[in-house]
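Scroll down for the structure; my scribbles are underneath it.
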Amino acid sequence: MAPITTSREEFDEIPTVVGIFSAFGLVFTVSLFAWICCQRKSSKSNKTPPYKFVHVLKGVDIYPENLNSKKKFGADDKNEVKNKPAVPKNSLHLDLEKRDLNGNFPKTNLKPGSPSDLENATPKLFLEGEKEAVSPDSFKSSTSLSSEEKQEKLGTLFFSLEYNFEKKAFVVNIKEARGLPAMDEQSMTSDPYIKMTILPEKKHKVKTRVLRKTLDPAFDETFTFYGIPYTQIQELALHFTILSFDRFSRDDIIGEVLIPLSGIELSEGKMLMNREIIKRNVRKSSGRGELLISLCYQSTTNTLTVVVLKARHLPKSDVSGLSDPYVKVNLYHAKKRISKKKTHVKKCTPNAVFNELFVFDIPCEGLEDISVEFLVLDSERGSRNEVIGQLVLGAAAEGTGGEHWKEICDYPRRQIAKWHVLCDG
């Protein structure tokens, strides 16, 4: 049998053929991967996110996750032009097809003659915009300062307002704050951020990010609220609260700004505005309100029944409107907290009706070393809740608190209710 011979030329051709087939395979794989990515991107862009507003942070869209789908505002304006594209009532409509290559919405052009960038606008331009946009009454009410507040400068807030008629969207851009006071005595600086609420419903509460160690923070954050008829803008007001973040305790409140939108004309385009930050309207200790509590001590089962019935004459949380109160109940044994309960939140009322019952097991015989603390708090989404007032019932308590406690000890198994005046928390 003759041996099989292979020439050197045939061996040289094999790597060339393998290389050609590998190149074609690589090109096909890359093309297939790019096609799959394009298909996924196009399918995602057709979905409309189910949110009520869009938060734009320097060109990046951030969608809040904790908003529910309840209706935020009333019916649409019936007097709008009929030839405008129809949008479902109170619906979120994002025109995603008009996005750029980065997925962001294109910026709307300002009117001719208006400054294109807020940074280039001088304070004189801001003041001129205020005079044209705000009525004298609203301007006086929002910028009136007492002699003490004028002496203590809290800085200036710069922002812009705009209404998008095509999408029925109210757009607020928080640009920057200047000249804030130092809340940290050691570093002589602050870690500021801003919370904004749309009044009077207080359903839209948003906040900016925290900027570290600065007294002139440049936020440049845009909040877009959809489904607000233009005719309803005049009935609303904006409340800004300027705070300084504190990692180890409650955030420091620098001040606040209240902007009534009555008299502000947004039909001509974006309006650049600024306002002096004023000191927050702090509650007076004499007006904390009252709390109706019912107690019953069961000596046989060694339990204490606490019923939080009502609260009345609660003060306003601030200029933003009424409080959203709830009551936290803490049970103490020898000055150590052993149990805690809380009621549901009652929205926007100074006279809340709770009618909620709690039963506590007493770890010792008698009530000599037992005390109950009631904290009435104002519920604030996204921040620490503020204490409206405090009440302590126990053997060592003074006033009505001590009297009420003595009665339930003298008359066990009897439900005894009394009104108590709240003190500073």
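The values are calculated or read from the model by the stated rules, or taken from the named source; none is laboratory data. Note that this is a predicted model, so its numbers are computed, not measured. Virtual Cβ from ideal backbone geometry, glycine too; neighbours counted across all protein chains shown. To get the accessible areas, we keep the full protein, side chains included, count just its heavy atoms, and leave off ligands, DNA and RNA. Shrake-Rupley method; radii C 1.70, N 1.55, O 1.52, S 1.80 Å.
Of the residues Glu365, Glu386, Glu356, Glu407, only one is of a type in the set (Asp, Glu) and modelled with pLDDT of 95 or more; which?
Glu356
Which condition does Val353 not pass, out of (1) within 23 Å of Thr301 (Cα to Cα); (2) touching a strand residue (DSSP E or B) at 6+ places or on another chain (Cβ under 7 Å); (3) open to solvent by 40 Å² or more (accessible area, probe 1.4 Å), if it passes all the others?
(1)
Report, by residue number, each residue of the stretch 387-406 that is among the charged types (D, E, K, R) and surrounded by 17 or more Cβ atoms within 10 Å (Cβ to Cβ).
none
May I ask you to verify whether Val372 is outside any helix (DSSP H, G or I), under 16 Å from Cys423 (Cβ atoms) and without any contact (Cβ under 8 Å) to a residue 24 or more places away in the chain?
no
What do you reckon, is Lys341 in contact (Cβ under 8 Å) with a residue 12 or more places away in the chain, basic (Lys, Arg), touching a Phe, Trp or Tyr at 6+ places or on another chain (Cβ under 7 Å) and over 19 Å from Cys423 (Cα atoms)?
It is true that Lys341 is in contact (Cβ under 8 Å) with a residue 12 or more places away in the chain, basic (Lys, Arg), touching a Phe, Trp or Tyr at 6+ places or on another chain (Cβ under 7 Å) and over 19 Å from Cys423 (Cα atoms).
Just a yes or no: is a residue in the stretch 170-190 assigned to a loop (DSSP other than H, G, I, E, B), open to solvent by 70 Å² or more (accessible area, probe 1.4 Å) and at pLDDT below 85?
Yes.
For the stretch 243-261, which positions are more than 14 Å from Ile198 (Cα to Cα) and either of a type in the set (Ser, Thr, Tyr) or touching a Leu at 6+ places or on another chain (Cβ under 7 Å) (or both)?
Ser244, Ser249, Asp251, Asp252, Ile253, Ile254, Gly255 - these are the residues of the stretch 243-261 that are more than 14 Å from Ile198 (Cα to Cα) and either of a type in the set (Ser, Thr, Tyr) or touching a Leu at 6+ places or on another chain (Cβ under 7 Å) (or both).
In the stretch 162-186, how many residues are of a type in the set (Asp, Glu) and more than 24 Å from Phe223 (Cα to Cα)?
The number of residues fulfilling the criteria is 2.
With the structure loaded, tell me whether Arg337 is open to solvent by 20 Å² or more (accessible area, probe 1.4 Å) and at pLDDT 90 or above or whether it fails that test.
The answer is yes for Arg337.
How do the pairs read when you match residues in the stretch 296-312 that are among the β-branched types (Val, Ile, Thr) with residues anywhere that are not in a strand (DSSP E or B), using Cβ under 6 Å and keeping only pairs 6 or more apart or on different chains?
Pairs that qualify, where the first residue is among the β-branched types (Val, Ile, Thr) and the partner is not in a strand (DSSP E or B), are Val308/Thr343.
Hey, Arg414 hits all of (1) open to solvent by less than 60 Å² (accessible area, probe 1.4 Å); (2) assigned to a loop (DSSP other than H, G, I, E, B); (3) in contact with a helix residue (DSSP H, G or I) (Cβ under 9 Å, 6 or more places away or on another chain) but one; which does it fall short on?
The single condition Arg414 does not satisfy is (1).
Under the condition of being open to solvent by less than 90 Å² (accessible area, probe 1.4 Å) and of a type outside the set (Gly, Ala, Ser), which residue from the stretch 1-19 is modelled with the lowest pLDDT?
Thr6
Pick from the stretch 375-386 the residues that are closer than 23 Å to Val421 by Cβ and of a type in the set (D, E, K, R): which of them is most open to solvent (accessible area, probe 1.4 Å)?
Among those residues, the one meeting the criterion is Glu386.
Quick check on this structure: which one of Thr349, Thr343 is of a type in the set (S, T, N, Q) and modelled with pLDDT under 90?
Thr349 is the lone residue from the list that is of a type in the set (S, T, N, Q) and modelled with pLDDT under 90.
Looking only at the stretch 340-369, which residues are part of a loop (DSSP other than H, G, I, E, B) and within 12 Å of Val306 (Cα to Cα)?
Within the stretch 340-369, Thr343 is the sole residue that qualifies.
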